[in-house]
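Take a look at the structure below.
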Amino acid sequence: MNGDNIKIEKLKEYIQRLNNKEDGRKLYFEYKDEISSIKPQDAFRVFHGLLQDGMTEKEILQFLDKTINVFHESLANHRWKRPENDNFLTDLQMENEALRKKTDYMKTIVREPRSQIRREKLIPLIEELKEFYPHYTKKENILFPYMEKKMPRFEGLAIMWALHDMVKNQVQNALDKLRDSNSDDHQVNVAVAELFFGILGIIKKEEIILFPAACEVLSEQEWHEMHRQSYEYSFPFIEKTWDEEFLEANEINEDTRIDGKFRTETGELDFIQMELIFDSLPVDMTFVDENNKVRFFTRPKDRIFPRSPAIIGRDVNKCHPPDSVHIVEEIVEAFRKGERDTATFWIRIKDRMILIQYFAMRNDNGDYKGVLEVSQDITEIQALQGERRLLEWN
């Protein structure tokens, strides 16, 4: 075992002993050499190792902040170089800074002595934090896949995805407490404080672990691709100038697409026509092959769930929040064994009803060849009554 591996094993040992409630001060001095030399890449190796040893993301979240605080000085002092094309990175950092300013302002409202006024002012401000969620989605759908394809250690990014979900729950919990007349000021203050701690904690982990590690492993071309893909999402809390020249230069020209025909006994299509048909359907479709790899998704005008080209080739388990991965695994395994052919869910997103269906894909011999996920907004469909036999333009 080389020196780096020994350090990683000792850091894992330190965390496990710390999690077992051993004396923190004593442990620090016992592992001081390893703690004082930890780097962002080491942090990923450590947490990936803990996941491999059987810990869950939820279990790691219980002691994550305490651990990062111990590692903070060494991680913060680590020197790293930005990519030449740092547009995507800069946007993420600017979004973080804008979010930090919003939380600073909200902290001044928390000091308002009149309880009712404090609640009335905080509710719309915390509701506004939901607009920041695309920042997390850009990481999950663009940055994380690029990093995961580089090294196994970046499977530890599932922990940060779990942090995103935790903060979203904290936002909702704070709003529930603020709106509930039965919640006393102490309950409200605790909920808001936990929210601030969660939000600012993610920013800190991005700045001292995620961004440095990404810059050390991703190529200039990959940063360029991530920048292009980021334009499919919003840029929360910052004024973003749309670089039309950049976007036009990176559009896929129809002349460069595969020249060929798709032929069956039911007809013939060229690839442009196929793409138009897929993207004109009022549904989101994602195809995952028999090896659990994402191979294709459609781009309808109004996507329900965001997707980015970065997920192509990604394991489907890594395309879902850690809390729901077990459901995906259960569906795929039932399809693979031939026990089921479909799975159906429906959820409400804001005021819209969304139908989510999974279909097993099988060849003529009945062999499992993958799964098709189809999502559809059925709000208007549910509201249909009677009949409409004549054309009526809305």
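Tabulated data for the structure shown
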{"read-out": "Gly24 surrounded by 16 or more Cβ atoms within 10 Å (Cβ to Cβ) and among the small types (Gly, Ala, Ser)", "value": "no"}
{"read-out": "Leading residue by the ranking (surrounded by the most Cβ atoms within 10 Å (Cβ to Cβ)) among those in segment 103-115 that are under 18 Å from Leu178 (Cα atoms) and not hydroxyl-bearing (Ser, Thr, Tyr)", "value": "Met106"}
{"read-out": "Condition broken by Lys39, with the remaining ones in (1) modelled with pLDDT of 95 or more; (2) touching a Leu at 6+ places or on another chain (Cβ under 7 Å) satisfied", "value": "(2)"}
{"read-out": "Residues satisfying the stated conditions in segment 28-62, i.e. crowded, with 18+ Cβ neighbours inside 10 Å, farther than 25 Å from Lys150 by Cβ and not β-branched (Val, Ile, Thr)", "value": "Tyr31"}
{"read-out": "Test: residue in segment 281-292 that is closer than 20 Å to Gln376 by Cα, modelled with pLDDT under 90, surrounded by 13 or more Cβ atoms within 10 Å (Cβ to Cβ) and assigned by TED's automatic domain parsing to the domain that holds Arg352", "value": "no"}
{"read-out": "Search result, residues across segment 331-389 that are in a helix (DSSP H, G or I), under 20 Å from Lys301 (Cβ atoms) and of a type outside the set (Ser, Thr, Tyr)", "value": "Glu380, Ile381"}
{"read-out": "Scan of segment 116-131 for residues that are touching a helix residue (DSSP H, G or I) at 6+ places or on another chain (Cβ under 8 Å) and either crowded, with 21+ Cβ neighbours inside 10 Å or among the aliphatic types (A, V, I, L, M) (or both), ordered by number", "value": "Leu122, Ile123, Leu125, Ile126, Leu129"}
{"read-out": "Pair list, Cβ < 9 Å and 6+ apart or interchain, from segment 327-350 residues that are within 28 Å of Glu380 (Cα to Cα) and in contact (Cβ under 8 Å) with a residue 24 or more places away in the chain to residues that are of a type in the set (A, V, I, L, M, F, W, C) and not in a strand (DSSP E or B)", "value": "Trp346/Ile378; Ile349/Ile304"}
{"read-out": "Residue within segment 231-243 that is among the basic types (Lys, Arg) and either under 16 Å from the mean Cα position of the chain (by Cα) or crowded, with 19+ Cβ neighbours inside 10 Å (or both) present", "value": "no"}
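The values are calculated or read from the model by the stated rules, or taken from the named source; none is laboratory data. Fair warning: this is a prediction, and the values are worked out from it, not measured in the lab. Here the Cβ is made from the backbone with ideal geometry for all residues, glycine too, and neighbour counts use every protein chain on show.
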